[in-house]
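Worksheet for the structure shown next.
The values are calculated or read from the model by the stated rules, or taken from the named source; none is laboratory data. What you see is a predicted model; the values in this text were computed from it and never measured. Positions of Cβ are generated from backbone atoms using ideal geometry, with glycine treated the same way; all protein chains shown enter the neighbour counts.
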Amino acid sequence: MNSAKTIFEKSKPGHIAYSLPKIDVEAKSADEILPKHLLADSDVNLPELSEGEVVRHFTELSTKSHGVDSGFYPLGSCTMKYNVKVNEDIAQISNFANLHPHMPEGASQGALELQYNLQQQLAEITGMDAITLQPVAGAHGELTGIMLIDAYHKNKGNNKKTILVPDSAHGTNPATASMVGYDVVQVSSNERGLVDINSLKEALNDDVAALMLTNPNTLGLFEEDILEIAELVHEVGGLLYYDGANTNAIMGISRPGDMGFDVVHLNLHKTFGTPHGGGGPGSGPVGVKEELVEFMPTPTVIKENGQFKLDYNRPKTIGKVHSFYGNFGVNLRAYSYILALGGEGLKQVSEDAVLNANYLMERLKKHFTLPFDRVCMHEFVLSGKDLKDYGVKTLDIAKGLLDYGYHPPTVYFPLIVEEALMVEPTETESKQTLDNFADAMGELVEISKNNNEQVLTAPHTTVVGRLDEASAARKPVVVHEE
Ligand SMILES: Cc1ncc(COP(=O)(O)O)c(C=O)c1O
């Protein structure tokens, strides 16, 4: 077990991490200044450390978790790519970082222009007519998008009750549909890993408000029948929703708007230059086709007579979905990323992401079952089912990878692949990294077959060993135990 002490255990009475000049006015105690009900009954137990001790404590902690900046992170569907640091510098420019959201429009023209331009760029990248930057996560974008679809149908007097979701979908899709009040009906995948057109036809009727789809889908495969799918959904008066979590595969190559999608969300924190994970700020802009523009959240940024303005004049809006105008800092990083790369650069990103995934897939299919053995897009899904004969599961392989210094791929998703391992290498990794990872995976498979104990008890080199994951999430032990 980890020998690191908690900050409370390191505390020594009298150690302080600040120094202030000697007070030169009459000192008052807290109960002379603050209302009584705001004062704590007893002393607050805060740790006491010197500045150096605090810095060492947190620096030490920061080295104990795995991040994109410390190593390869092929967590499928999450696009854990290296984020260039210049974006961080730009986000810290004080004119941006210190801008208060209540500043008058006249004094924040630069920030409004930036958001206006980003709306235009994302509309072009996705092929949509208008974009809102307000939602702050992918799932939040989904919620906003399905609320827009709901408003669209209600405005037409339609009382549709169903949303279709493929069996390969990310869990947030059915959860979102259900939160907005829809019944969720599942559409099966076919033997090629794509939406089964017959299953779709069976599920389609006048009650269907929308089909939610990821393209490429969560198996990393491009839905080749997308134009027919769009036509079928539109024929019954339904709309097509694009979960844009996988946009890293298609930038500058194909656009959801051209595929027939009516509403789109993007994850700027995956595809467009913001570090992702750890619950940090994200951005899930939503794009719509013309017939849904009137329902978009307010305010949107518009340009009028050469001035940038926040427009609240949208009588049929679904309302606000977030305070102010979303996560400005994340939108700023995306703007910087898009400007730095340009159209050709973004296309190159997607081409390299797809190339890396196909290279790694070819190397790994020698060691694992590849259920859908076709050219993949930016990610692919392996199955570890054959290792069950040796008493080893996908979870054991994931834990074993930690000993090689890699973050494991996504495991047990999508649900339709037994013992799934979903690998997304991203465009920012070198051939050397991919080869090393493939070698490690191959070695783990060999170890599993010959001496499975080593894999079953992994990890051995990390700060903590194998945890009961459910208990670790629900009852985290945050105090030090010898
Ligand atoms: C396919 C897919 N859809 C939606 C989401 C939700 O995005 P977020 O985590 O930003 O809410 C994810 C997240 O990983 C995803 O992979």
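Quick look at the values:
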{"item": "Residue count, segment 234-277 (criterion: in a helix (DSSP H, G or I) and surrounded by fewer than 24 Cβ atoms within 10 Å (Cβ to Cβ))", "result": "5"}
{"item": "Selection status of F295, within 21 Å of the chain's Cα centre (by Cα) and either within 16 Å of the ligand (Cβ to nearest atom) or in contact (Cβ under 8 Å) with a residue 24 or more places away in the chain (or both)", "result": "no"}
{"item": "Any pair with Cβ under 9 angstrom, 6 or more apart, that starts in segment 138-150 at a residue that is assigned by TED's automatic domain parsing to the domain that holds D183 and under 20 Å from H276 (Cα atoms) and ends at one that is hydroxyl-bearing (S, T, Y) and near the ligand (Cβ under 8 Å from one of its atoms)", "result": "G138/T172; A139/T172; E142/T172; L143/T172"}
{"item": "Check on V264, out of contact with any Asp or Glu (no Cβ under 7 Å at 6 or more places or on another chain), within 27 Å of H153 (Cα to Cα) and either modelled with pLDDT of 95 or more or outside the structural domain of M128 (by TED's automatic domain parsing) (or both)", "result": "yes"}
{"item": "Any hit, segment 410-420, residues being over 19 Å from L382 (Cα atoms), within 25 Å of the chain's Cα centre (by Cα) and touching a residue at least 60 places away in the same chain (Cβ under 8 Å)", "result": "no"}
{"item": "Boolean, G181 is loosely packed, with under 15 Cβ neighbours inside 10 Å, touching a residue at least 12 places away in the same chain (Cβ under 8 Å) and either at positive phi or touching a Ser or Thr at 6+ places or on another chain (Cβ under 7 Å) (or both)", "result": "yes"}
{"item": "Members of segment 263-284 found to be within 12 Å of the ligand (Cβ to nearest atom), touching a Ser or Thr at 6+ places or on another chain (Cβ under 9 Å) and at positive phi, listed by number", "result": "G278"}
{"item": "Residue within segment 38-59 that is hydroxyl-bearing (S, T, Y) and within 34 Å of the chain's Cα centre (by Cα) present", "result": "yes"}
{"item": "Some residue of segment 205-228 being in the same structural domain as L292 (by TED's automatic domain parsing), without any contact (Cβ under 8 Å) to a residue 24 or more places away in the chain and in a helix (DSSP H, G or I)", "result": "no"}
{"item": "Residue under evaluation Q186, criteria (1) buried (at least 17 other Cβ atoms within 10 Å of the Cβ); (2) in contact with a strand residue (DSSP E or B) (Cβ under 9 Å, 6 or more places away or on another chain), criterion not met", "result": "(1)"}
{"item": "Given (1) closer than 23 Å to D89 by Cα; (2) free of Cβ contacts under 8 Å to residues at least 40 places away in the same chain, number of the condition N327 does not satisfy", "result": "(2)"}
{"item": "Scan of segment 238-262 for residues that are among the aliphatic types (A, V, I, L, M), within 14 Å of the ligand (Cβ to nearest atom) and over 12 Å from the mean Cα position of the chain (by Cα), ordered by number", "result": "A249, I250"}
{"item": "Residue match in segment 94-117 (condition: within 16 Å of the ligand (Cβ to nearest atom), closer than 25 Å to A340 by Cα, aliphatic (A, V, I, L, M) and not in a helix (DSSP H, G or I))", "result": "no"}
{"item": "Every residue from segment 399-427 that is out of contact with any helix residue (DSSP H, G or I) (no Cβ under 6 Å at 6 or more places or on another chain) and surrounded by fewer than 18 Cβ atoms within 10 Å (Cβ to Cβ)", "result": "D403, G405, Y412, L415, I416"}
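Yes or no, residue by residue, for (1) closer than 30 Å to D373 by Cβ; (2) away from the ligand (no atom under 16 Å from the Cβ); (3) of a type in the set (A, V, I, L, M, F, W, C):
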| residue | (1), (2), (3) |
| --- | --- |
| T176 | no, no, no |
| D196 | yes, yes, no |
| V208 | no, yes, yes |
| F222 | yes, no, yes |
